[in-house]
Structures are given as structure tokens and as C-alpha cells.
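The values are calculated or read from the model by the stated rules, or taken from the named source; none is laboratory data. This one's a predicted model, so the numbers in the text were calculated from it and none came from an experiment. Positions of Cβ are generated from backbone atoms using ideal geometry, with glycine treated the same way; all protein chains shown enter the neighbour counts.
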Amino acid sequence: MFLIKPFFLFILLFTFVEAIADGNDKPIATNDMKVDSAQTFVSDYTYLKNCDSLYSSCFIPEEEIHPWAYNFHKDSVPSYLDTIYHNRLQQMDVKSPFSFQYNESVRSMIVFYTTRRTRHIARALQTKELYFPLFEEMLDKYQVPMELKYLAIVESALNPKAKSRAGAVGLWQFMPGTGRLYGLHANSVIDDRMNIYKSTEAACQHFVDLYARYHDWNLVLAAYNAGPGNVNKAIRKAKTSTDYWVIRQYLPRETQSYVPAFIAVNYVMQFYDAHNIQQSDQQALSYFSLDTVYVNERISLKQIADWLEMDEQLVKKLNPQYKRYYIPASTNKQYVLTLPKNKIGEFILNKELIISGISRKEYESQASE
């Protein structure tokens, strides 16, 4: 009896499928064609020519793979088989100190962010150049994983003025008590939790302290969200297990979704283009285009914007910690003012005039008389 060896069978099947693809260059399946567990093939998924880069890596050395180029319809909402998500996360996992496990909870959060939170991700892509360099600088300073920069997307969608119902504030969503432990103070005029520099350093210090306690990054995330008390209680209920996925059932409901959300955001920020999420073409602010100067006199942000001929909303955006939109006077403390580098010199030269309260237009009118 004639038997076909597996190798030759693979060659025959490969040739057959390639011939079909070449003869009819249409998607194998579309978003309307249901597959396992309500998953679907991506709409322009054609064999080899348009296959996922992870599949290509089976045939092509990794160093020869070119960045993936998608050509989705504007309104397409691509989704993939579980094996695709699993393989992509596995690729991320081998490069990370975090455990990027794939399961139903993680899949649900990936679907959530790639369908219902695409605007959040697009906004993060638009503003990452303003915040991520600072995050990376601080994370490196405290020797904690770079992946934690994406936690700010989970927490605040990179909005330094974000406020939760529970009273957490800022990019890193510090509660008042925890904030004070790390030197973030708030009053009716200033809230340090909205200060992007101070709050980022405080977050890194908090990560270091939590890791020293748990020695597990998933538990660090759980404690960051729910507090060490809730994590310790969950560990006791799980009979001293320190595996997040084991103690997860004993954690508060929000925290049960927290680590899956973190994994999902890490995934989406790596593969946003595969999910047809586009960042705006609008010119983004860059962290490296900014500088700071210290001030201890009362100055209105509106007055600063007027003198420097800047958009007032931009000055407020760069200095979100000033709740009343002015820098208070102080005899024993200096406050930071963030401005574009090309405006710092002009501010220093005109500082006294800005403090005086006279507008630039009035000053120029008086000077011309």
C-alpha cells in the first residue's frame, strides 16, 4: 500500500493552498464568518502574502522579518483566533519579567480595549511622546520593568487630571493617603498627584516598595490597585499561595480585572496597528521639547500664556497640578513651571512684567507712546 510521508504531504498541501491564493487573491475569511468561540479571522487575512508576522517567523529568520503593514478599511474592527493572541503574548512574555499569560479573562480585556476603548488607545498613542520618555527615565532610575509605563493607560488613559469616584487622582491615580506617604500633598490650590514629575517618581518608589514585599510583579499590580491589606487577606484565604491567578478569586472585583487589563494594554500598545487603531496625524507634544523653571511668586497661567503668546489651554495642560490655574506665592518653597524650551528664555526675561499683572498688549501700547 502506497503511503505519503508527512513531509511530502505538507508540500502538497502547501502548494495546493498557495495555488488557490494566487488564483483568487481574496480573504480566506471575513469578519462576518464566525470561527471558534465567536472569534473571527482578520478581514484581509490571506495566506502567506498577508499572514501574521508570527506565522512568517516559522519560515523566515526573525531578523529578516519586516514590520507588518495592514491595509484595513477605515471602519474595520479586526479580531483573531485565540492561537494568534496566545502566540503574540508568548512572544512578549519571553522578553518581560511579567508573566503575560493568555486566558479567557485576558482575551476579554483585549476585546474590550480593541473594540470599546479604541479612543483611549488612540489618545495614548498620540500623547505617549509627552509622557513615556519621563516614565522610562524614572522606571530606569528605580530599576523596575519598563512595561509599567503602560499602567498609566489602565489607570488614567494618560490624563494627569483624571479623578476616580473613590478619590484617586492623576496619571497614576494616587489616593490621598498613599500620595502623602510618597510626598504628594494637596490643598485647595495645588495637587501634587497631578504633577507628572512628582507623581511618576512616587509611583516608581511605590512599585519598589511593593516588590520588596511580594517579589512578584502580578502581586505588585494587585497591591497597587487594591492595597497590600486586600492582597494579604487573599493570600491567607488561598492557603498562603502567592500565585495571582490562584488568589484572584479572593480579591476585590475590580482587582480581578486589573492584571488582565494591564496585560491587554501591553498587548494593544504593541499590536495596535493589527487592530486598526490609528493615532492622530495632529502634531504631538514631545517631552524633549519641554523644559522647567522654578517660581516662588504668584503668577497666573493665563498671564503667562498672554505674555508668551501661547495657547492658554496648552499652558494649563503642561501644568495640571495648579488647580486654580495660578502658581501661588511662597517664601520657603519653589514651584515648577513647565514650558516649551523655546519659551523658557522669554519667560525669564519678562518674569517681573508677568508678575506685575500687566498684559503684553498694554505694555507694548505704553512702550510705544
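Among the residues making up region 336-366, those that are hydrophobic (A, V, I, L, M, F, W, C) and either touching a Ser or Thr at 6+ places or on another chain (Cβ under 9 Å) or outside the structural domain of Asp306 (by TED's automatic domain parsing) (or both) are Val336, Leu337, Leu339, Ile344, Ile354. The sole residue among Thr200, Thr114, Thr127 that is surrounded by 15 or more Cβ atoms within 10 Å (Cβ to Cβ) and modelled with pLDDT under 95 is Thr127.
Can we say Asp311 is among the acidic types (Asp, Glu), within 23 Å of Gly170 (Cα to Cα) and free of Cβ contacts under 8 Å to residues at least 24 places away in the same chain? Yes. So which residues in region 290-305 are within 23 Å of Leu130 (Cα to Cα) and out of contact with any strand residue (DSSP E or B) (no Cβ under 7 Å at 6 or more places or on another chain), if there are any at all? Passing the criteria: Lys302, Ile304, Ala305. Within the option set Ala186, Ala168, being among the hydrophobic types (A, V, I, L, M, F, W, C) and in contact with a Gly (Cβ under 8 Å, 6 or more places away or on another chain) holds for one residue only, Ala186. Residues Ala261, Ala238, Ala212: which one is touching a residue at least 24 places away in the same chain (Cβ under 8 Å) and out of contact with any Cys (no Cβ under 9 Å at 6 or more places or on another chain)? After ruling out the rest, the residue left standing is Ala261. Just to be sure before I move on: is Asn230 at pLDDT 95 or above, within 24 Å of Arg193 (Cα to Cα) and in contact with a strand residue (DSSP E or B) (Cβ under 9 Å, 6 or more places away or on another chain) in the structure I sent? Answer is no for this residue.
Residues in region 137-152: is at least one acidic (Asp, Glu), touching a strand residue (DSSP E or B) at 6+ places or on another chain (Cβ under 9 Å) and within 30 Å of Ile299 (Cβ to Cβ)? No, because not a single residue in region 137-152 is acidic (Asp, Glu), touching a strand residue (DSSP E or B) at 6+ places or on another chain (Cβ under 9 Å) and within 30 Å of Ile299 (Cβ to Cβ).
Of all the criteria given as (1) assigned to a helix (DSSP H, G or I); (2) touching a Ser or Thr at 6+ places or on another chain (Cβ under 6 Å), the one not satisfied by Leu158 is (1). Within region 92-136, the residues that satisfy the criterion of being more than 16 Å from the chain's Cα centre (by Cα), assigned to a helix (DSSP H, G or I) and of a type in the set (Ser, Thr, Tyr) are Ser105, Ser108, Thr115. For Leu337, the criteria (1) under 21 Å from Ala186 (Cα atoms); (2) in contact (Cβ under 8 Å) with a residue 12 or more places away in the chain; (3) in a loop (DSSP other than H, G, I, E, B) hold in every case but one, which is (3).
Once region 287-303 is narrowed to residues that are of a type in the set (Val, Ile, Thr) and closer than 15 Å to Glu352 by Cβ, the residue that is surrounded by the fewest Cβ atoms within 10 Å (Cβ to Cβ) is Val293.
For Asn87, state whether it is at pLDDT 50 or above and either farther than 30 Å from Cys204 by Cβ or assigned to a loop (DSSP other than H, G, I, E, B) (or both). In short, yes. The helices (runs of 4 or more DSSP H) found entirely in region 188-278 that carry 2 or more residues being farther than 30 Å from Asn87 by Cα are 196-214, 228-237.
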